[in-house]
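Bear in mind that the values in this text are calculations on the coordinates, not laboratory data. Just so we're clear, the structure is a prediction, and the values are computed from it rather than from any experiment. Because the Cβ atoms are built from the backbone with ideal geometry, glycine has one as well, and the counts that use them run over all protein chains shown.
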Amino acid sequence: MHRCPQCDYAYGKLPGVPEDRFGAFTATVTCPECAFEIPAGARLVVGSSVEAGAQPLTRARRNRQMLASLAPMGYLLFMSIEGIFEIASKWSTGVRVWDFVKVAGLPMIGLVLWRAWVKWTPDAANDGRAPASFSQRWLCVPGALVVFTGEPTGPAGSAGAKRHEAADIRSIAVDSPFSRGHRWRAGDRAVAALTANVWTRGRDGRRSDMAAVTVFVDTGAERGEPGTDRTVALVEAGNRVARAVRASIGIGDAVQESAAAAGTPGDAPAALTIEGRLHAYGPWPQPAAVLNLLFALPVLLASIAAGIWAVFALMVPASAGPILPPAMGAVAVVSAVVLPTAILAWIVLLRRLRRRTLAGCRWDVGPHGLRVTEHHVTAKGVPIEDVVRDVAAGRIAAIELRPRHGRVQLVARGRGGDALAQVSPDTLPEDGAEALAQRVRERLAGGKVAPG
């Protein structure tokens with residue numbers, strides 16, 4: 001079941017190798033093939049860099065992924081086809097060297113297609129796995145997270161591995177690839193996305209930026225009861241894996257309970273602290289996908305219009321007379337203004353979305369209400385300020401649990417239905433999301449209350 005993250009050697013039943021897929025190694029294990037060492041207490045989480053890689057690799061999924069790999073080669077493919085037609089039509093009258101240059105892109109396209117086919121085709125000699133199914137391997141050791149990306153490199157070394165110290169790991173959050181109402185195939189697995197938000201350091205050794213490392217993992221969870229929300233079920237299943245990962249690395253839990261303060265009744269509930277994100281977004285760059293799509297079309301059209309006008313204006317002599325329609329000049333001028341404006345607006349909105357994605361939140365829950373601490377940061381994750389506000393228990397009419405953008409969010413609503421505070425926990429307790437919401441209700445009421 002467990003294989004070497006560096007060379008893919010099957011450990012089998014070597015001493016210290018756990019039977020559970022997400023279990024901890026009970027003793028130090030040295031790979032007989034490449035001598036890579038996994039220390040006792042470590043956990044190995046194997047998954048894919050994309051959700052499709054962690055699902056059963058049907059023919060339809062493989063075909064879609066292969067087409068997706070060809071998408072960046074679209075222009076090159078167009079040029080190659082154009083070159084073939086030009087060579088065929090001009091063979092008797094004379095062919096230009098440029099036509100052969102265009103056709104030379106076909107071998108590159110074929111190489112990309114072949115690599116995609118190999119990446120997404122299961123191999124019987126490799127336990128029926130495809131390379132895309134284990135393109136991300138997390139080795140969770142005491143004090144650090146070692147991420148192996150891509151196919152195993154073999155005995156030559158671990159060039160694809162990057163080590164993140166526990167002090168540089170801001171959080172390990174769980175997201176669901178399925179949104180509310182999303183349909184899935186009957187044979188699909190319970191796949192969750194585990195994202196480690198880590199600090200990167202510059203040449204001076206200081207923290208310079210925030211990066212996200214995501215692995216899509218088959219949690220092995222069951223589908224759940226009919227009518228249950230799949231987003232919540234997948235987040236809860238992924239949190240069971242994330243809790244084990246955090247424990248192996250040595251990172252504290254995002255949901256903490258402490259004993260009641262001195263002088264309070266013995267049956268008073270414990271103080272409750274919840275840490276997470278202020279806004280419920282999926283892992284970066286997923287939130288930016290819609291924004292990029294909205295700006296791609298106008299920028300592309302403006303670029304084409306301005307480019308066509310510039311080419312004709314510079315290369316066609318004035319004596320040749322007007323070639324383009326008179327309105328084309330006006331379109332080009334408007335496009336020349338729209339293009340930089342759209343790019344500037346895209347950059348501003350993208351940075352704002354990035355800040356919202358990284359913004360943190362903390363709830364301190366007690367019988368008097370909520371103390372909400374919002375952690376605002378720059379687009380690189382550098383702290384700007386913390387904003388603290390108190391929400392009295394008398395103002396809170398309900399604590400709502402809702403799935404949003406693949407995450408679980410707690411919302412404190414007022415008597416008019418307005419949202420007074422919200423937090424998307426980085427982790428959930430072992431008994432699930434609804435149990436966490438119920439604990440918040442209990443502490444706000446100063447004791448046991450009915451679920452609401």
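Below, the figures for the structure above:
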| read-out | value |
| --- | --- |
| For Arg404, residues with placed amide H under 5 Å, excluding near neighbours | Gln409 |
| Cα-based reach from Lys380 at 16 Å (exclusive), listing aspartates and glutamates while leaving out same-chain residues under 8 positions away | Asp168, Asp209 |
| Cβ crowding within 10 Å averaged over residues, with 359-371, 9-21, 53-65, 132-144 ranked highest first | 132-144, 359-371, 53-65, 9-21 |
| Dipole moment magnitude, nearest 20 debye, segment 358-452 about Cα centre, only Lys, Arg, Asp, Glu C-beta charged | 240 |
